[in-house]
1. Let me test this: with uniform point scatterers at the alpha carbons of segment 2-73, what is the Debye-based log₁₀ I(q)/I(0) at q = 0.16 1/Å?
2. Considering the Cα positions of the chain, please state its Rg to one decimal place and its Dmax as a whole number of Å.
3. Can you put 289, 65 in order, fewest other beta carbons within 10 Å first?
4. Give the separation of the Cα centroids, segment 425-504 to segment 328-385, in Å.
5. Using all C-alpha to C-alpha distances in segment 448-512, build P(r) with 5 Å bins and read off the rounded percent in each one.
6. With both partners inside the chain, how many of the DSSP beta bridges are antiparallel, as a percent to the nearest 5?
7. Please determine, in degrees from 0 to 90 and to the nearest 10, the orientation of helix 471-486 with respect to the longest principal axis defined by the Cα atoms of the chain, where the helix direction is its Cα long axis.
8. Quick check: convex hull over the Cα atoms of segment 263-354, volume per residue in Å³, rounded to an integer?
Ligand code: N01
């Protein structure tokens, strides 16, 4: 892919990915007259909500919050039907947005970006695809998602398995029929917690292989009453502002004001019980110190363990389901509809593999602790190569022929989660070291897209070719990110937040946990200080 290559297309901006980040970015750039296109490997829009079609998939943030705010028309026109959007509803919403803003004709589907080189001579990105179309562009925006590279653990013998194999993160379009079949599922993260109760309804038998029990709170899912939806719509301006001022990007979760030890044991339990009955993540926002003080956290952790003990009839199973190796909230907290209740069903068994890793997949099932468990179908609910997987899947080379992947061997380093030093005009939406995954994603996406769009417009308006993140500012940002994380309990958990879920992946806490409001203030300050940390040429 050198300078002699025939270029098939010239663009101002190429965006990779047609999920919520890519679509909004496309809309922004189109509105300002940039020549812009998306390349997307799927055959339709939707990103996460295109791929994660597993039974029971739905968003764990309420739909009135988890939606675009950039268009008043859109937020008034669209009617969410349920408290938490289902996967089909979210996909329908993505298609609706695509149609409303005439995006489809600017999206190249079924095309994967494989390589991007920043040409020294042209000072542009030369981008290659899996159908050998070569595109030259000035700006390259990665809207590739944080949880978009499914992780299938390397367990020997998988190819020998005679039954069907599925991954929750790459679910087939045609829903498999599990009627009366015996199904094995590996994993007990959010995807499993949502799918297990639904899969259990039709299967003959369900075997759940659990390596680590997870905290989960009841979602208290229900239809969205029209009055509630209309009230929210009338007051969207207020709710969106409250969300922006919060730490997680959700209007109703405002910063708590008291420590867990400012109240008596009895009062604390009443507060937890209220949050438990309300559903959602309210419990985590009950006290100031739940994610900074282990003792405070233990009060909430034990409250949830006691709930599990009450729900699950079999004492031994209940204990196996009680998480004890991480404080509540330090792994992504799951929300469920009857997850723990499902273990009271006769056709559901929990197999604890915490001390006995899966040795092998066999023709008929799998082997652990010298016992062979047989089943007809196998579901991997084993998560993703999170945050860096999709970026590293593209070979990205700067003008010194250095790859981004090699620069990230010891973990990702970014400036504000949006740029990487020495990779000019390459932008990431909700990249590592941004609050993305630790917030209401669409709010963070909108803030990032706006920031990046303004940065590109500033570059163009001042007749610059390039913008680059300064390495000194990048180092400071990475240090700050780590300091913020180390002041919390997050590092105590093994999770995809720190790369622990992937064998051989560098370890280090990736998301920015200083909150969306703080983060936005920092970004705004950089702009006010003449784009501090960015160099234009
Ligand atoms: O993946 P996970 P996920 N042998 O990484 C186990 C978002 N999401 O797809 O904990 C045995 O959380 C692994 O065990 P352990 C959300 O942000 C959102 O469920 O590593 N087990 C774990 O139990 C979420 O956090 C929504 O010991 C193995 C499971 O597989 C993120 O996506 C819905 C194993 C993986 O859990 C990822 O969730 C769904 C092995 N070799 C997802 N390898 C909503 O919005 C892995 N595991 C609702």
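1. With no solvent term, the Cα-only Debye profile gives -0.74.
2. Calculated on Cα positions, Rg and Dmax stand at 23.4, 74 Å.
3. Least crowded to most crowded, the residues run 289, 65.
4. What the calculation gives is 33 Å, centre to centre.
5. 3, 14, 16, 16, 15, 12, 11, 7, 4, 1
6. Antiparallel bridges make up about 40 percent of those DSSP assigns within the chain.
7. Around 10 degrees separate the two axes.
8. Enclosed volume per residue, from the Cα hull, is 107 Å³.
Taken together, the values in this text are just the output of simple stated rules run on the coordinates, not laboratory data. Being a predicted model, the structure only gives us computed values, none of them experimental. Because the Cβ atoms are built from the backbone with ideal geometry, glycine has one as well, and the counts that use them run over all protein chains shown.
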